[in-house]
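Reviewing the structure listed below.
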Protein chains: 2
Amino acid sequence: MTEHTVPHAAPSSGPDKKPGRAGKSHATIYDIAKVAGVNPSTVSRALSKPGRVSAKTQKLIEEAAAGLDYQVNPFARALPTGRTNTFGLIVADITNPTFFDIIRGAETTATGRDYTLVLAESAESPATELTAARRLMATVDGLILASPRMDDDNIRALALAKPVVVINREVEGIPCVVPDVNKGIGEAVRSMAANGHKKVAYVAGPPQSWMSERRWEGLQAACEWSRLEAVRLESAKPTVDGGRQTARDVRASGATAVLTYNDLLAIGLMQELQAAGILVPDQVSIVGFDDIFGADFTTPPLTTVRSPLGECGEAAATRLLDLLGGSGDPAGTLRVETELVLRGSSGRIMPNGRS
Amino acid sequence: MTEHTVPHAAPSSGPDKKPGRAGKSHATIYDIAKVAGVNPSTVSRALSKPGRVSAKTQKLIEEAAAGLDYQVNPFARALPTGRTNTFGLIVADITNPTFFDIIRGAETTATGRDYTLVLAESAESPATELTAARRLMATVDGLILASPRMDDDNIRALALAKPVVVINREVEGIPCVVPDVNKGIGEAVRSMAANGHKKVAYVAGPPQSWMSERRWEGLQAACEWSRLEAVRLESAKPTVDGGRQTARDVRASGATAVLTYNDLLAIGLMQELQAAGILVPDQVSIVGFDDIFGADFTTPPLTTVRSPLGECGEAAATRLLDLLGGSGDPAGTLRVETELVLRGSSGRIMPNGRS
DNA sequence: CAATTCATGGCAACCGGTTGACAAATGCAT
DNA sequence: ATGCATTTGTCAACCGGTTGCCATGAATTG
């Protein structure tokens, strides 16, 4: 066998223009096979099935591969196997900072385990979400749905094709990662009780939000335990604006402490109350939910029940990857702890205004 | 319909039916061909090359495809063609809210044009960034780099393989999308001058940030025009914490107005100054940069030079997709306008404190 | 009516790895 | 040296579309 150099290995020369496609002509396992003097299939085995070939051949092939700067073609690999080393993440709303941390957690875990993350958004619409999910399904090994808006049945249908992990919602038969709101809400309510509050309002989130209901239930339970009265108010949208609009209802309710479905609502509510001359926390205590980015930018900084969202993203990705690797529960819910983050927007009630 | 559990992750050695079958057996063009009574290649043409087959056959095939709920296999398509209908976006730091609008803009544009977005992060490291870029290159049609930290040369090298668009930096020979800071900074400085300020401090960003230098230059130019004095201060990190740490230098500088490299620095600086009893904006005016999410949560809400980041993401994606489609400039910079968003953190100077 | 386009569909060779089946080579005990 | 089990490498058939080339028949033209 002659020591023949590969015609392509001349990076120093001028514009290596090949007729036809864009100038990428990567080495293939066939090139390696030729250099190493073995069959392409042996190369394939050496590179993917450790132990299937002798140590000697293994080394030979690895050197040839390194010399040619070989990289597998992911599509060629995906075609027969169906595996892509990629998973999808669908979030309800990219604009919503709640998902920032989830995305970050998932992305970090993905790259750490040599996976690639593909991102899609549902714009809060069940239909768009389903479309996006279907589209992604074709190209990924698995899917994470963060706060999905589609039916349980649709989720289960998707899960028949490939592993699916759900964040922020519990779906029977599907692996889920859900913040356990009870601890955090319990701490919040005890703190309210200790500060002399008697009546707590809950500003709810979107009606289709599973989480919003859990939070309301958690508040009711905690209030019963602490012998406080709980009232429920609705919001139009779970945004800063939506929060502003609830200010009237909050005042009308007579509650002196408010727990909101999320931080955005809390921030909007606080802004509107302050604009109306109401002191926070002297006259009304406000507690948000999630501890999103920016929750401590406000004056006073927002007290909030922290959901470890980054951790949720990480945990969901880890679970998915375990599932793909063959280990891990095919169902069941993983609960992560929530905790109260005490800042300035909650405190002792001062009925007469400033102390 | 029976309640049948799906043997999801059971890769052990069960009664495996078909090898490689990932759980769902999708229809292929061969199935369609059989149903429609034509050759697979005709199906392929009917589905991708409009006009290549007769209207009659076209219809026949489309009906068969619809009946079988056919979806192309992206890998099978990508293998011979190299096209994936996917592009990559690499951001310097997923934690940084600056990038969220960019991500959102790119994602929206992508799905709107039937592309899929894959996301990666460089963690502010040039090396990680390069690795991520190389990895992505194999699976995408093109790449968007938002605030890249790697060399110009590396960027150009990547661009040889596939189209690359850069956001927030100008690289010779590469298509770029860059906010034009001059208009926004000009407005900010004129406003400062009108409010009686004489000396303006610039709190710079990371040394390797191309943008930070542009902003400093813009400030110098505007100050010269308005006959104000400009001084430059450094920051350790472009974060809220970094902003807090610059407070001492700001006070020592004697400047009454401050422009910061980004909003996070501005927010940190404001928090620290207020904690020291300094009134904003009565004693010091603060102007941030970017108008990130949460910039209006502060008290007073932050005045800032808005970079239309979502627009940048959109524009970059649009440019990339045009490039992939064959149209569009292969190089040249697209400038998007910045503007001053006047909120409460800047205003007339009151040397004696409160009016 | 013959000659020449032109539109249409079929054939088959790819793209680059993976993998079951099998043969050759090796090891080991007899 | 023979027989048998075990490695190790090869062959060839995929995976599912794409596309250059060719044959066919219809349409156009002289």
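The values are calculated or read from the model by the stated rules, or taken from the named source; none is laboratory data. All values derive from a computational prediction rather than experimental measurement. Note that we place each Cβ from the backbone using ideal geometry, even for glycine, and neighbour counts take in every protein chain shown.
General observations
- The set of residues in the stretch B:99-135 that are closer than 30 Å to residue B:71 by Cβ, touching a Phe, Trp or Tyr at 6+ places or on another chain (Cβ under 9 Å) and at the interface with chain A (Cβ under 7 Å from one of its Cβ atoms) comprises B:116, B:117, B:118.
- Some residue of the stretch A:331-346 being part of a strand (DSSP E or B), under 27 Å from residue B:269 (Cα atoms) and modelled with pLDDT of 95 or more: yes
- The set of residues in the stretch B:159-172 that are within 14 Å of chain A (Cβ to nearest Cβ) and either surrounded by fewer than 21 Cβ atoms within 10 Å (Cβ to Cβ) or under 14 Å from the mean Cα position of the chain (by Cα) (or both) comprises B:160, B:161, B:164.
- For residue B:86: the one exception among (1) free of Cβ contacts under 8 Å to residues at least 40 places away in the same chain; (2) of a type in the set (S, T, N, Q); (3) away from DNA strand D (no atom under 12 Å from the Cβ): (1)
- Scoring residue A:337 on the criteria (1) within 21 Å of residue A:205 (Cα to Cα); (2) crowded, with 17+ Cβ neighbours inside 10 Å; (3) away from chain B (no Cβ under 14 Å) leaves a single failure, condition (2).
- When residues of the stretch B:309-334 are limited to those that are small (Gly, Ala, Ser) and over 20 Å from residue B:180 (Cα atoms), the one surrounded by the fewest Cβ atoms within 10 Å (Cβ to Cβ): B:326
- Qualifying residue in the stretch A:68-88 (condition: away from DNA strand C (no atom under 16 Å from the Cβ) and either of a type in the set (A, V, I, L, M, F, W, C) or farther than 20 Å from residue B:123 by Cβ (or both)): yes
- Hits in the stretch B:224-241 - residues which are surrounded by 13 or more Cβ atoms within 10 Å (Cβ to Cβ) and part of a helix (DSSP H, G or I): B:226, B:240, B:241
- Residue within the stretch B:174-186 that is touching a strand residue (DSSP E or B) at 6+ places or on another chain (Cβ under 7 Å), closer than 30 Å to residue B:350 by Cβ and surrounded by fewer than 23 Cβ atoms within 10 Å (Cβ to Cβ) present: yes
- Counted residues, the stretch B:33-43 - those being hydrophobic (A, V, I, L, M, F, W, C), in a helix (DSSP H, G or I) and within 11 Å of DNA strand C (Cβ to nearest atom): 3
- Inside the stretch A:242-276, residues that are surrounded by fewer than 20 Cβ atoms within 10 Å (Cβ to Cβ) and aliphatic (A, V, I, L, M) make up a count of 3.
- When residue A:306 is tested against the conditions (1) touching a residue at least 60 places away in the same chain (Cβ under 8 Å); (2) within 13 Å of another protein chain (Cβ to nearest Cβ); (3) surrounded by fewer than 22 Cβ atoms within 10 Å (Cβ to Cβ); (4) not polar (S, T, N, Q), the lone failure is (2).
- Test: residue A:95 is within 9 Å of another protein chain (Cβ to nearest Cβ) and either within 15 Å of DNA strand C (Cβ to nearest atom) or at pLDDT below 85 (or both): yes
- Residue match in the stretch B:90-99 (condition: in contact (Cβ under 8 Å) with a residue 60 or more places away in the chain and closer than 30 Å to residue B:46 by Cα): no
- Condition broken by residue B:236, with the remaining ones in (1) in contact (Cβ under 8 Å) with a residue 12 or more places away in the chain; (2) out of contact with any Asp or Glu (no Cβ under 7 Å at 6 or more places or on another chain); (3) of a type in the set (A, V, I, L, M, F, W, C) satisfied: (1)
- Residue pairs whose Cβ atoms lie under 6 Å apart, sitting 6 or more positions apart in sequence or on different chains, and linking a residue in the stretch A:58-83 that is within 12 Å of DNA strand D (Cβ to nearest atom) to a partner that is of a type in the set (Val, Ile, Thr), are A:61/A:43; A:78/A:84.
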